[in-house]
1. Name the residue that is surrounded by the most Cβ atoms within 10 Å (Cβ to Cβ), counting only residues in segment 55-95 that are within 40 Å of the chain's Cα centre (by Cα) and at pLDDT below 85.
2. Surrounded by 10 or more Cβ atoms within 10 Å (Cβ to Cβ), at pLDDT 65 or above and in a helix (DSSP H, G or I), is that true of residue 98?
């Protein structure tokens, strides 16, 4: 078994060496197998972020996805109702101010019409 492992290690080193060395024409020979790690730091950070995102397992089951969607919908409805109340309050304040100035705007309209 150790002889096989030694031969396998030698074969892997030779394969890695072939991947990096260009041939006589200057081309690098494509051999079976991919890169073992990202080549650039940015790619490595992105790969790590993707890996972290996969560990969460949120919404793993269908009922969890449905519950999350339902909770999100309830939250949106709650925010919508709050916004409606806020808009109604602002409109009522605007009407109140407009009622104080209604006489001034009315006289301006009459003056322009004559």
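1. Of all residues in segment 55-95, those within 40 Å of the chain's Cα centre (by Cα) come to 55-94.
When the remaining residues are screened for being at pLDDT below 85, the result is 55-60, 94.
Values: 55: 6, 56: 8, 57: 8, 58: 8, 59: 13, 60: 9, 94: 10.
This residue is 59.
2. Answer is no for this residue.
Residue-wise test of (1) at pLDDT below 80; (2) in contact with a strand residue (DSSP E or B) (Cβ under 8 Å, 6 or more places away or on another chain); (3) surrounded by 10 or more Cβ atoms within 10 Å (Cβ to Cβ).
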residue	(1), (2), (3)
8	no, no, yes
11	no, no, yes
20	yes, yes, no
24	no, no, no
40	yes, no, no
48	no, no, yes
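The values are calculated or read from the model by the stated rules, or taken from the named source; none is laboratory data. Owing to the predicted nature of the structure, the values given are computational and were not obtained by experimental measurement. Cβ atoms come from the backbone with ideal geometry, glycine included; neighbour counts cover every protein chain shown.
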